[in-house]
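Taken together, the values in this text are just the output of simple stated rules run on the coordinates, not laboratory data. Since the structure is predicted, the reported quantities are computational estimates derived from the model, not experimental observations. Using ideal geometry, Cβ is built from the backbone for each residue, glycine included, and neighbour counts are taken over all protein chains shown.
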Amino acid sequence: MATQSDIIITQGAIILPEFNRFAIEFSGFGIRWYALAYIVGLLAGYALLRQETKHPHSQLSTLHVDSLLNYVLIGIIIGGRLGYILFYNSAYYLAHPAAIFRIWEGGMAFHGALLGIIISVYTMARRHHLPFLAVTDRIALVVPIGLFFGRLSNFINGELYGRVTTVPWAMVFPHSDGQPRHPSQLYEAGLEGLCLGLAMLLLWRRGWLARPGRLSGVLLCGYGVARSLIETVRQPDQQLGLFFDSFSMGQVLSLPMIFIGAYLLLRKSPKRTTPISR
């Protein structure tokens with residue numbers, strides 16, 4: 001039997017141990033891996049956006065980025081939580097309303113967090129008289145950082161794993177049914193985080209921020225397509241199953257992202273030639 005420090009490789013699968021859910025622990029209290037992923041993702045994104053403000057044509061100042069961090073944090077927490085409740089487990093929370101506030105027990109959804117970010121960024125952009133798409137483009141630039149670390153924390157927690165498979169890299173997750181499964185969390189970390197992040201970085205360096213909305217479109221399309229593909233090997237949520245025996249909730253929620261992203265990429269917009277006053 002695997003211990004907390006053992007990873008056993010058998011002929012059929014890689015048997016994973018139960019990792020400590022706390023990244024940093026003090027006498028039963030501490031910072032969980034998922035919380036650490038949020039912290040690292042937000043701070044790394046914040047640092048990158050602060051660096052971007054040094055560009056002569058940047059539309060955000062360092063003060064804007066400081067304010068944006070607070071708005072995004074609120075949007076992620078409220079939107080992510082409400083998204084999970086409404087999209088994935090509404091029956092449970094209707095029966096147990098007090099559990100809505102127990103965020104430390106888990107239960108966050110990316111699509112809900114995205115909606116929360118959009119609303120909070122819109123509020124921030126209006127307050128500071130900034131072009132909405134110029135702000136969302138910069139948010140889009142750093143979102144893959146959070147996605148990468150978030151999916152790694154899902155893997156460490158042994159949650160959101162894939163469907164049963166016979167691939168050589170199949171893994172048996174703790175507290176599962178003991179069958180070898182796709183490590184779909186690592187697929188998502190690779191596609192939604194690493195690959196999409198590198199693509200965003202390359203496009204940023206090629207000047208795509210000069211046309212507002214394009215980087216936002218890349219994020220929406222890229223994430224929507226990647227998530228839809230990975231959902232074909234990810235275990236459906238037990239309380240939901242598949243719609244029409246074919247489509248998961250993640251695929252249903254990703255479809256509007258793809259359409260909106262495609263619109264932002266294909267629409268014609270005047271190229272910005274001068275920076276706004278900061």
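Residues in the stretch 247-266 that are more than 15 Å from the chain's Cα centre (by Cα), surrounded by 15 or more Cβ atoms within 10 Å (Cβ to Cβ) and closer than 12 Å to Gly222 by Cα: Ile258, Ile260, Gly261, Leu265.
May I ask you to say which residue of Ile24, Ile31 is surrounded by fewer than 17 Cβ atoms within 10 Å (Cβ to Cβ), of a type outside the set (Gly, Ala, Ser), free of Cβ contacts under 8 Å to residues at least 40 places away in the same chain and within 16 Å of Glu105 (Cα to Cα)?
Ile31
The set of residues from the stretch 198-235 being in a loop (DSSP other than H, G, I, E, B), on the phi < 0 side of the Ramachandran plot and without any contact (Cβ under 8 Å) to a residue 40 or more places away in the chain comprises Arg206, Glu231, Thr232.
Restricting attention to the stretch 107-129, the residues that are outside any helix (DSSP H, G or I) and surrounded by fewer than 13 Cβ atoms within 10 Å (Cβ to Cβ) total 1. Only one entry in Ala37, Ala99 is more than 18 Å from the chain's Cα centre (by Cα), over 29 Å from Arg126 (Cβ atoms) and either part of a helix (DSSP H, G or I) or of a type in the set (S, T, N, Q) (or both), namely Ala99.
For the stretch 158-192, the tally of residues that are more than 18 Å from Thr232 (Cα to Cα) and either crowded, with 21+ Cβ neighbours inside 10 Å or within 15 Å of the chain's Cα centre (by Cα) (or both) stands at 1. Taken over the stretch 23-38, the criterion of being aliphatic (A, V, I, L, M) and under 20 Å from Gly75 (Cα atoms) is satisfied by Ala35, Leu36, Ala37.
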